Amino acid sequence: MKRRGWRLEYVAGLAVALAVVAPAAKAQDAAAQAVPTQTTLSVTQGESGSAQATATVNVIGADGLPASGVVNIDDGARQLAETTLNAEGQTSATVTLPPGEHTLRAVYLGDAKHQTSASDSNELNTGTSSGPGANFQVSVTPISPATLPMTLTAGQSGSLTVTLTPVNNATLTSPMFVTLSCSGLPSLASCSFAPENVEILSTTPASCTAGSPASACPPTSLMVIETQGQGTAGTPAPPADRHGSPAGAALLLPGVLGLGGLAWGARRRRWLQRLALMGMVALVTTLGTTACNPFYYYYNHGPPVTPATPAGTYTVTVTAQTSNGVTAIINSTTLVLTVK
């Protein structure tokens, strides 16, 4: 009997081990079956080594078919933009680069059918720090969820840190105020910033370690993305205090005046006058007890169901803009948001 119990425990332990190992092995098999990919990056600069550059990415699978999914565009260890591939496996993004040397690279994050890959590095120079006036770079760092691309279920919210890194800010004669905004969100979703207006100083902030450059502790703002969840049907309101409304009066008044005029014109014909009066009473009763009453649907069915933010994958652009009254500086970065 003791030997039989030992066997049962051994079989149960083996079953548990297989239950743990099987999903991991299955995931490894799926990754091994994914198609290898090749990522290429080309960068086009503006005139005279402008700080603005356009990065174009192309991702092709080993089977010759375009890949799908998300691509990050990095400058060294810093992420400049995040975007999604189109049906042809291509995408592009405009990035802002401070004066100096840069090493740009595109990193494809892969998907269920394609393996990750990275492009060769693109070396470029955007001039010296003594060239253009003060500028800044925009970047985002996820807080919750802690990774990008950001994935939210409808009704959830996500947060990020928006960082404005000063470039050549010593040339400023007064503080630079930068306004933040976002675009590309789906319907029934919104974004907010705290603060919405960020100040860049001409000197290193006092919060920095003495002797540090301004870029060592750049100003930041908290960005919150909110989505809307599916509402539930409301319960009918209690049948009390059912007052009329201007809309109901607008529907009722023409009919009442028309029947009243008919009765006035027929005052010499008593039978027609009585018929008009009965019709007017019937109209008022019908409007007050059927769906023609503006409050009918609310009192009988409750408030309407609130729709949810539509599911899908969206490229959200975070824009930072400032102006000195003569020229405007507009820089931006992008991130990918998936709503489930």
query: Does region 191-209 contain any residue that is in contact with a helix residue (DSSP H, G or I) (Cβ under 8 Å, 6 or more places away or on another chain), over 24 Å from ALA53 (Cα atoms) and surrounded by 18 or more Cβ atoms within 10 Å (Cβ to Cβ)?
result: yes
query: Is it true that some residue in region 128-146 is in the same structural domain as ALA51 (by TED's automatic domain parsing), in contact with a Lys or Arg (Cβ under 6 Å, 6 or more places away or on another chain) and more than 30 Å from GLN230 (Cβ to Cβ)?
result: no
field: Close pairs from region 324-338: first outside the structural domain of THR94 (by TED's automatic domain parsing) and surrounded by 14 or more Cβ atoms within 10 Å (Cβ to Cβ), partner part of a loop (DSSP other than H, G, I, E, B) and of a type in the set (A, V, I, L, M, F, W, C), Cβ under 6 Å, at least 6 apart
entry: LEU335/LEU148
message: When you scan region 93-114, do you find a residue that is modelled with pLDDT of 95 or more, in contact with a Leu (Cβ under 6 Å, 6 or more places away or on another chain) and hydroxyl-bearing (Ser, Thr, Tyr), even just one?
response: no
task: Give the residue that is surrounded by the most Cβ atoms within 10 Å (Cβ to Cβ), with candidates limited to residues of region 101-124 that are under 22 Å from PRO149 (Cα atoms) and hydrophobic (A, V, I, L, M, F, W, C).
output: ALA106
- prompt: What about GLN156, is it modelled with pLDDT of 95 or more, surrounded by fewer than 20 Cβ atoms within 10 Å (Cβ to Cβ) and assigned by TED's automatic domain parsing to the domain that holds ILE329?
  reply: yes
message: Checking the condition of a type outside the set (Gly, Ala, Ser), in contact (Cβ under 8 Å) with a residue 40 or more places away in the chain and in contact with a Pro (Cβ under 6 Å, 6 or more places away or on another chain), which residue from THR126, THR151 passes?
response: THR126
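State which residue is nearest to the chain's Cα centre (by Cα) when the search covers only region 60-91 and only residues that are outside any loop (DSSP other than H, G, I, E, B) and farther than 19 Å from THR163 by Cα. Please lay out each step first, then the result.
Quick first cut of region 60-91, residues outside any loop (DSSP other than H, G, I, E, B) only: 60-61, 66, 70-75, 78-84, 90-91.
Narrowing the set further to residues that are farther than 19 Å from THR163 by Cα leaves 60-61, 66, 70-71, 84, 90-91.
Values: ILE60: 27, GLY61: 29, PRO66: 25, VAL70: 15, VAL71: 17, THR84: 13, GLN90: 21, THR91: 18 Å.
Across region 60-91, the extreme among qualifying residues is THR84.
Look through region 168-202, keep the residues that are in a loop (DSSP other than H, G, I, E, B) and hydroxyl-bearing (Ser, Thr, Tyr), and return whichever of them is nearest to THR126 (Cα to Cα).
As a first pass, look at region 168-202 and keep what is in a loop (DSSP other than H, G, I, E, B): 168, 172-175, 184-188, 195-196, 201-202.
Going one step further and asking which of them are hydroxyl-bearing (Ser, Thr, Tyr), we end up with 173-174, 187, 202.
Details: THR173: 24, SER174: 25, SER187: 38, SER202: 22 Å.
The extreme case among them is SER202.
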statement: Taking region 208-234 and the residues there that are at pLDDT below 80 and either hydroxyl-bearing (Ser, Thr, Tyr) or out of contact with any Pro (no Cβ under 6 Å at 6 or more places or on another chain) (or both), the one that is nearest to THR322 (Cα to Cα) would be SER215
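The values are calculated or read from the model by the stated rules, or taken from the named source; none is laboratory data. Given the structure is predicted, the values throughout are model-derived calculations rather than measurements. When we count neighbours, we look across all protein chains shown, and the Cβ atoms used for this are built from the backbone with ideal geometry, even at glycine.
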